[in-house]
1. Answer with one residue from L91, T454, G291: the one whose Cα lies farthest towards the positive end of the charge dipole of the chain, charges on Cβ with Lys, Arg +1 and Asp, Glu -1.
2. Any idea what the alpha-carbon Rg over 2.2 N^0.38 Å comes to for the stretch 186-303?
3. Ratio of Rg to Rh for the stretch 1-136, alpha carbon only, Kirkwood?
4. If you stretched the chain out fully between M304 and F51, how much longer would it get, using 0.36 nm times the residue separation minus the C-alpha to C-alpha distance?
5. In whole Hz, what ³J(HN,Hα) sequence does the stretch 417-431 give by Karplus (6.51, -1.76, 1.60; θ = phi - 60°), x for Gly and Pro?
6. How do F214, F409, F51 rank by accessible surface area computed with a 1.4 Å probe, from largest to smallest?
7. Computed FRET efficiency, Cβ-Cβ of T341 and F409, R0 30 Å: what is it to the nearest 0.05?
8. Quick one: which residues, 5+ away or cross-chain, put their amide H under 5 Å from the amide H of M132? H built at 1.01 Å from N.
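The values are calculated or read from the model by the stated rules, or taken from the named source; none is laboratory data. Predicted, not measured: the structure shown is a model, and the values here were computed from it. Using ideal geometry, Cβ is built from the backbone for each residue, glycine included, and neighbour counts are taken over all protein chains shown. To get the accessible areas, we keep the full protein, side chains included, count just its heavy atoms, and leave off ligands, DNA and RNA. Shrake-Rupley method; radii C 1.70, N 1.55, O 1.52, S 1.80 Å.
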Amino acid sequence: MAGTSQTAHWSSRWTFIMAAVGSAVGLGNIWKFPYEAGQGGGGAFVLIYLFFVFVIGTPVLVAELSLGRRGQKSPIGSMAKIAKEEGRSPLWSLIGWSGVLGAVIVLSFYSVIGGWTLSYMFDAFAGTFSGMDAAAAGAHFGGLLTNEYAVIGWHAAFMGLTMFIVARGVEGGLEKAVTYLMPALFALLIGLAIYSSIAGDLAATVDFLFKPDFSKLTFDVMLQALGQSFFSLSLALGSIMTYGAYMTRDVNIGKSAVIIASADTGVAIMAGMMIFPIVFAYGLVPGQGPGLIFATLPIAFGQMSGGAFIGGAFFFLLVVAAITSSISLLEPSVSYITEKTGANRRKVALMIGGFIFTMGILSGLSQGDNPVADISIFGRSILDAKDFLTNNIMMPIGGMFSAIFVGWFVSRKNMMEELAMEDGTFRIWYFLVRFICPVAIGAVFVSIIYNTVTG
Ligand code: TRP
């Protein structure tokens with residue numbers, strides 16, 4: 001998928017699917033999903049999340065892949081080109097703009113979490129977690145956050161790796177890494193989920209994750225779940241549209257989307273099954289927030305035999321999963337600037353990456369113990385505010401407008417040609433993007449506004 005977006009393509013269907021799964025599966029599944037499920041009260045969050053993934057997210061995934069493949073350009077270029085071909089307003093390219101900018105914002109905190117993960121990988125291999133109890137694990141995490149040099153250093157390392165790969169163009173090495181390491185991560189996750197279920201509190205976990213308590217299902221939790229379903233599928237921020245542009249015409253978009261969504265969801269559920277038995281066995285707080293896996297996993301790795309190696313391997317695979325996602329967050333802006341200026345890909349990747357790294361320093365500092373951590377944006381730290389803006393506002397709105405565009409402003413005939421689906425499947429998909437996606441997303445927003453106004 002390297003080189004200019006107009007010419008480079010995935011070397012096979014399988015590599016495309018692996019790359020898209022690589023983009024989807026990342027920190028969103030293993031770091032974010034468990035703590036959001038924890039904060040959202042468990043089962044009700046999980047259930048509504050599954051609904052959003054398959055009824056809203058997957059049709060939007062199909063829409064974005066098809067826009068990318070038809071446009072064959074950066075998200076901004078593709079949207080402008082398709083709007084023009086369909087005789088629609090050039091303003092539709094705003095969907096591309098919001099995506100490219102949103103991806104830059106997400107990467108500027110994603111890379112900080114990626115840095116935490118890198119640091120934990122070395123800790124695990126070094127045996128630092130050996131024998132840790134819950135208090136020690138919490139203290140270890142707190143120690144990392146308040147060591148500003150370490151946080152920025154690891155963020156630099158993570159961002160450096162991302163830039164290096166995007167600058168080189170991604171063909172050979174990365175495609176291979178994705179093909180072997182993603183399945184390895186999946187296998188290890190299953191193993192760890194089984195371990196946790198035996199060593200930890202499985203009954204409490206099953207209760208928590210799969211017995212919905214609907215009294216916990218507020219509109220805010222629904223919006224959080226909607227945003228998370230988009231985040232996890234890499235939607236609405238240009239990643240999927242950009243990857244769609246590197247797709248060849250013989251790939252079946254509908255089937256690919258179902259495979260991507262299923263793999264992504266499987267990983268998220270496994271991650272929950274790995275984390276929560278430990279959370280409940282050790283009396284930790286499920287709703288404690290972004291530190292959840294970092295305060296939980298060291299206990300498990302510290303207690304099991306061979307934990308240093310298994311823990312190290314786990315964090316290594318998590319870093320790989322995070323990098324196959326972070327490159328898809330850097331790719332949209334890089335493809336746009338190279339397309340616009342004709343500048344050298346390497347230079348562009350380094351420049352934009354450097355800018356994102358700089359923005360990210362504030363995200364990193366905002367979790368520590370320093371003046372930046374005291375900055376509050378509507379009651380949120382800088383990192384949380386960026387997450388909220390993208391997850392709860394830009395992604396749902398971007399997804400809603402891509403569905404509206406594809407459902408109402410692109411001719412039905414052109415969509416049918418692009419997707420080459422069976423008739424019945426096409427009809428279901430078309431109904432979902434035209435009616436259900438915009439209405440469901442709109443309804444969540446309207447309810448929240450209504451609730452806020454009426455108190
Ligand atoms: N989906 C990735 C994860 O779960 C993160 C990601 C990559 C992303 N590209 C994206 C999120 C585009 C939103 C939009 O870790």
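1. L91
2. Values: Rg = 17.2 Å, N = 118, 2.2 N^0.38 = 13.5 Å.
After normalising by residue count via 2.2 N^0.38 Å, the value is 1.27.
3. Values: Rg = 19.6 Å, Rh = 18.4 Å.
Rg/Rh for the stretch 1-136 comes to 1.07.
4. Working: separation 253, 0.36 × 253 = 91.08 nm, distance 3.56 nm.
In short, 87.5 nm is gained.
5. 5, 5, 8, 6, 8, 5, 3, x, 4, 4, 4, 4, 4, 5, 4
6. Working: F214 120, F409 65, F51 95 Å².
Putting F214, F409, F51 in descending order of accessible area: F214, F51, F409.
7. On the way: r = 29 Å, r/R0 = 0.97.
Once rounded, the FRET efficiency stands at 0.55.
8. Here G302 satisfy the definition.
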